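Working notes, beginning with the structure itself.
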Amino acid sequence: MKSDVIVGLQYGDEGKGKVSLCLSKDEKYTLCLRYNGGPNAGHTIYKDDKKIILHQIPCGIIEGLTSIIGSACVVDLEKLSIEIKELKSIGLDIDNLLKISFNAHIITKEHINDDKQNDTIGSTSSGIRPVNRDKYDRVGKRIIDIPKNELEKYIGKVEIINPVGYIEKNNGYILCEGAQGFELDIDYGNYPFVTSTHCCSGFVFNSGIAPNKIKEIYGVSKIYSTYVGNMNYQPEDDKELIRLGELGNEFGSTTSRKRQCNWLNLDKLKTSMYVNGVTILIINKCDIIKELDVYKLINNNEIIQFKFWSEMMDYIKVALCKYIEPTNIKFSYNKDFI
Ligand code: IMP
Ligand code: MG
């Protein structure tokens, strides 16, 4: 058994969905696993020019990979049933392809109401904080606790599995797909402006993936950074950053909220790469910064500006050389390809 992991290195919305979709075309993969998060995530992908937003189901399913919703994921059954319907409408055999871990926790209406009424940090109102609170309070409801006939109303014939035994039995090559990003991790992020779970590569362990089975760790970043929530993140009245957000169409795929923009922070990226053990770095949306034609980043707490894109690329390669071979940095200029 082997696995590769895709992890977001910033505040989510780095383009992990595209990376997952591109990688899952590789025939070596036999399974795809979503290892964290829930309906708070939004992976926008394009299949034959049709825009599809997946929240809870791993993107690899689009390429026909058997796909698992992992143990640490939290599941909103009503929203999941909508996703299942949408994927069925494009001809996917979801009943056979999708598997859900028996011990994933269920988001209830009460969780969503609580999140809407009592949130202070700008959550996605998906019920993530209350469901994880109940999970750790040991009073949560899991998939296995829902009667079979009720479950069927939402997920049809989709199989409920124990991912630990399932993965061992199927002994293949697993593509593990993360949600959110390192800066939203409950321990590593700027608490309390975080999500209520872990968003780092090491978190694959609880779905039956042992650390020594991991081969590549694909870290995904954008060439600039964005954040959605109540923290002040974008400097006010910065015309370049306002334009950057427009060019990059930086609106949340789950809540449609405007994402705050800032320059790429190499200080943060280095920590993120180190802790996640990134072996291949993908830097997305380089086409957008080229279109803006303003080349800035933050390193050692200072804003550095370059005249040309090539200069900025070379600078990044040198600044990160302690963390990754320059040849393992992929600058991406396209929403469909790495
Ligand atoms: P929650 O996960 O809905 O509780 O939200 C906590 C924080 O994480 C908020 O600032 C959200 O905007 C942010 N967040 C959660 N999921 C995502 C995501 O998939 N992309 C970007 N931001 C997210
Ligand atoms: Mg997103």
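The values are calculated or read from the model by the stated rules, or taken from the named source; none is laboratory data. Source: prediction; values computed, not measured. Note that each Cβ is placed from the backbone with ideal geometry, even for glycine, and that neighbours are counted across all protein chains shown. We work out accessible area using only protein heavy atoms, side chains counted, and drop any ligands, DNA or RNA first. Shrake-Rupley method; radii C 1.70, N 1.55, O 1.52, S 1.80 Å.
Can you give the Rg to Rh ratio of segment 114-256, both from alpha-carbon atoms, with Rh computed by the Kirkwood formula? With Rh from the inverse mean 1/r over Cα pairs, Rg/Rh is 1.02. Restricting to Cα pairs below 8 Å that are 6+ residues apart, what does the relative contact order work out to for segment 51-156? Please round to a whole percent. This gives 27 percent for segment 51-156. The distance linking segment 267-312 with segment 168-197 is 22 Å (Cα centroid to Cα centroid, whole angstrom).
Using a 7 Å offset from Cα along Cα-Cβ at Glu325, what residues in segment 214-232 end up with backbone N under 19 Å from the label point? Zone members listed by number: 214-220.
Modelled spin-label separation between Thr120 and Tyr46, with each label point placed 7 Å from Cα along the Cα-to-Cβ direction: 4.2 nm.
Distant-in-sequence amide contacts of Cys32, defined by a placed amide H-H separation under 5 Å and a gap of 5 or more residues or a different chain, comprise Thr66, Ser67, Ile68, Leu175. Semi-axes of the equivalent ellipsoid of segment 279-338 are 18, 17, 9 Å, computed as sqrt(5λ) over the eigenvalues of the C-alpha gyration tensor in descending order. Mind giving me the nanometre distance, one decimal, between the label points for Tyr333 and Tyr136, set 7 Å out from Cα along Cα→Cβ? Placing both labels 7 Å beyond Cα along the Cβ direction yields 4.5 nm. Counting only protein heavy atoms and a probe of 1.4 Å, the accessible surface of the chain is 48% carbon and sulfur. For Cys199, the residues 5 or more places off, or on other chains, whose built amide H falls under 5 Å of its own are Asp185, Ile186. The phi torsions of segment 331-336, fed into the Karplus equation with coefficients 6.51, -1.76 and 1.60 and a -60° offset, translate into couplings of 8, 10, 10, 8, 6, 9 Hz, rounded to whole numbers, with Gly and Pro shown as x. Estimated from helices alone, the mean residue ellipticity of the chain at 222 nm is -8000 deg cm²/dmol (sum of -39500 (n - 2.57) over DSSP H runs with n ≥ 4, per residue). For the chain, leaving out every one of the trypsin sites (Lys or Arg not before Pro) that falls in a DSSP loop and has at most 11 other Cβ atoms within 10 Å, the longest unbroken run is 158-306. Mind giving me the FRET efficiency for Phe205 and Lys307? R0 is 35 Å, r the Cβ-Cβ distance, nearest 0.05 is fine. After rounding to 0.05, the efficiency reads 0.20. Go ahead and collect, in residue order, the members of segment 203-244 whose backbone nitrogen is under 15 Å from a label point 7 Å along the Cα-Cβ direction of Asn190. Taking a point 7 Å out along Cα→Cβ of Asn190, the residues of segment 203-244 whose backbone N falls under 15 Å are 225-236. Shown in residue order for segment 154-160 are the 3J(HN,Hα) couplings computed by the Karplus curve 6.51 cos²θ - 1.76 cosθ + 1.60 at θ = phi - 60°: 9, 10, x, 8, 4, 7, 9 Hz (x for Gly and Pro).
Over segment 1-140, the pair-distance histogram of Cα-Cα distances with 10 Å bins from zero comes to 11, 41, 34, 12, 1 percent, rounded to whole numbers. A simple spin-label model places pseudo-atoms 7 Å from Cα toward Cβ; at Asn300 and Ile53 they are separated by 4.2 nm. Restricting the GluC sites (Glu not before Pro) of segment 25-84 to loop positions (DSSP other than H, G, I, E, B) with no more than 16 neighbouring Cβ atoms within 10 Å leaves Glu27.
Normalised by the number of residues in segment 102-249, the average gap of Cα pairs under 8 Å and 6 or more apart makes the relative contact order 21 percent. Taking amide H atoms as placed 1.01 Å from N in the peptide plane, the amide H of Val194 has no partner under 5 Å among residues 5 or more positions away or on other chains.
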